[in-house]
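Nothing in this text is a laboratory measurement; each read-out follows from the coordinates by a stated rule. Fair warning: this is a prediction, and the values are worked out from it, not measured in the lab. FYI the Cβ positions are ideal-geometry reconstructions off the backbone, even for glycines, and counts take in every protein chain you see.
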Number of protein chains: 2
Amino acid sequence: MRANYRLQRLFVDVDLAAGASIEADKNQFHYLAHVIRADEGSELLLFNGRDGEWLARLSYPTRKKITLEPVEQTRPQPPLPYLSYLFAPLKTGRMDYMVQKAVEMGVGRIQPVLTQHVQGKPAKSDRLRANIIEAAEQCGVLAVPDLDEPVKLPELMENWDADRRLIFCDEADEHQNPVTALGEIKEKKLALLIGPEGGFSDEERALLHELPFVTAIPLGPRILRADTAAVAALAVIQATIGDWK
Amino acid sequence: MRANYRLQRLFVDVDLAAGASIEADKNQFHYLAHVIRADEGSELLLFNGRDGEWLARLSYPTRKKITLEPVEQTRPQPPLPYLSYLFAPLKTGRMDYMVQKAVEMGVGRIQPVLTQHVQGKPAKSDRLRANIIEAAEQCGVLAVPDLDEPVKLPELMENWDADRRLIFCDEADEHQNPVTALGEIKEKKLALLIGPEGGFSDEERALLHELPFVTAIPLGPRILRADTAAVAALAVIQATIGDWK
């Protein structure tokens, strides 16, 4: 079922059920009352990442307060996709963008990974979380990805769930086609790892190549920036072994 | 052959040949002397979109002047890819980003298209051109895409070269897999059309669907922003019928 993208969509962190009365928080009030100037009785869509999407009606019990009342469920809650997204921190603007894109592209879990060549600081979880929610609101994504704490690459590899195939984009491997390499994957649970702008170190590449749960894929003959590589790899994964039916 | 991405890369619009003496223009001087503080005798890479990539040596004949001397060709000039990129204008920041991404993804021609639902103004050619060159410099792209003037969609369709297959992303067509649809394409010359944020109008969609040179592809079950759709579609095209061998 496709999202209705004419109505405003809003993430809330409370339970959604018919007849509940949800008070807009300060930021939501500002947005609804002052930015989009929603009228008494106007309709919008609510989601919380658990209870699907609900049509809701807005009212102003006082001039300083907005109440949202869920009326009916418009879409059921989909399960979180089996695709995790792991990335080395980038400069802030590009990282915001990259996290938003990962949500649009349908990942179920987002995990910052600390690598040897690092370009940015590990972003604050609050900021990453705000980007995740903004993208979910804008793109009608109901399965809001989980966010993990940053972890160092060797540690992540040591504690890896061997049933999850880890795909990483290897610039040095320019001869193979990514579609062929992805076609050989048998696992249902997947993860994509995008390295930092400077690429993985030789040591990290050697580590990744020797692990049995890792598939290296090339992304063509040109150098891609990390945020481009992320969207490109997610697109090829979704189109070949993911949920683009 | 992959680009060397440790050396600074600079686009110039003059001919490149061994022993030529190229004077840096004002912007280039500022960048080389003040931003990256290049030393006398330092090496960089030059390209002009015609003569391949050249290793060049930098000198300061005076304190206010930089001369660049091509020493030897490091990569030959590749032909322009047979993939055109057509897009409806977006808001400026996202359009800058989208044009840069299209260059990274290896398109040979960039064409703004005016559609019924338009979100931004047709960008100034100078700005689009600057984005093209910036992306080429950063990503080692030597085949600098040509830039066409904006044109209205019906006019573009009327004058279409029937040997070029036009691929457009149709949100309404969510059942087919893009890889299957792309696999049926026989033409070598391709173009990708990305609509505005609000999507194509019903009239435009009907027009596109009835043209014999058009292939509609879906991009999965989620709504993608136009700039995400662009990178995603280019990735799937390049990986299946493009130059990602």
May I ask which residue of A:I185, A:I223, A:G93 lies farthest towards the positive end of the charge dipole of the stretch A:83-240, with charges of +1 (Lys, Arg) and -1 (Asp, Glu) on Cβ and the Cα centre as origin?
-> A:G93
7 Å along Cα→Cβ, label-point gaps from A:D13 to other copies, nm, shortest first = 5.3
Folded to 0 to 90 degrees: helix A:125-139 orientation relative to chain A principal axis, Cα | 70
What aspartates and glutamates sit close enough to A:K152 to cross-link, taking a C-alpha to C-alpha distance under 15 Å and skipping anything fewer than 8 places away on the same chain?
-> A:E203, A:E204
Listed pairs B:K101/B:K245; A:K91/B:K91; A:K189/B:K101; A:K91/B:K124; A:K189/A:K245 exceeding 26 Å between Cα atoms | A:K189/B:K101; A:K91/B:K124
What does the helix-only formula give at 222 nm for chain A: each DSSP H stretch with n ≥ 4 adding -39500 (n - 2.57), the total divided by the residues, and the result rounded to the nearest 500 deg cm²/dmol?
-> -8000 deg cm²/dmol
Most fluctuating residue given options B:L142, B:L128, B:L207, as computed from a GNM of chain B linking Cα atoms under 10 Å | B:L207
GNM on chain B, Cα springs under 10 Å; top mean-square fluctuation among B:T115, B:T180, B:T92 goes to B:T180
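Taking the Cα centre of the stretch B:9-75 as origin, work out the dipole magnitude from +1 charges on Lys and Arg Cβ and -1 charges on Asp and Glu Cβ, in debye rounded to 20.
Numbers: 9 positive and 11 negative charges, 60 e Å.
The calculated dipole for the stretch B:9-75 is roughly 280 debye.
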Have a look at A:P61, A:A136, A:L44 and report the one farthest towards the positive end of the charge dipole of the protein assembly as shown, computed about the Cα centre with Cβ charges (Lys/Arg +1, Asp/Glu -1).
-> A:P61
Anchor A:K188: aspartates and glutamates whose Cα lies under 15 Å away (excluding residues fewer than 8 positions away in-chain) | A:D161, A:D163, A:D243
Hey, got the average number of other protein chain Cβ atoms within 10 angstrom for residues in A:214-227?
-> 5
For the stretch B:180-245 and the stretch A:1-66, compute the distance between their C-alpha centroids and round to whole Å.
-> 34
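Taking the Cα centre as origin and putting +1 on Lys and Arg beta-carbons and -1 on Asp and Glu beta-carbons, what dipole magnitude results for the stretch A:29-181, to the nearest 20 debye?
On the way: 18 positive and 23 negative charges, 140 e Å.
In debye, rounded to 20, the stretch A:29-181 gives about 680.
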Is the protein assembly as shown best put as rounded, prolate or oblate by its Cα gyration tensor, with a ≥ b ≥ c the root eigenvalues, rounded for a/c under 1.5, and otherwise prolate when a/b is larger than b/c, oblate when not?
-> prolate
Of A:H30, A:H209, A:H117, the one that fluctuates the most in a GNM where chain A has Cα springs shorter than 10 Å = A:H30
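About the Cα centre of the protein assembly as shown, what is the dipole size in debye to 20, counting +1 per Lys and Arg Cβ and -1 per Asp and Glu Cβ, all else neutral? List each step's numbers first, then the result.
Values: 58 positive and 72 negative charges, 181 e Å.
Dipole magnitude for the protein assembly as shown comes out near 860 debye.
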Anchor B:K65: aspartates and glutamates whose Cα lies under 19 Å away (excluding residues fewer than 8 positions away in-chain) = B:D13, B:E23, B:D25, B:D39, B:E40, B:E43
For chain B, what does the alpha-carbon gyration tensor say about shape, rounded, prolate or oblate, given a ≥ b ≥ c as the root eigenvalues, a/c under 1.5 as rounded, and a/b over b/c as prolate?
-> prolate
Would you mind checking the tilt of helix A:226-241 against the longest principal axis of the Cα atoms of chain A, expressed as 0 to 90 degrees and rounded to 10?
-> 90
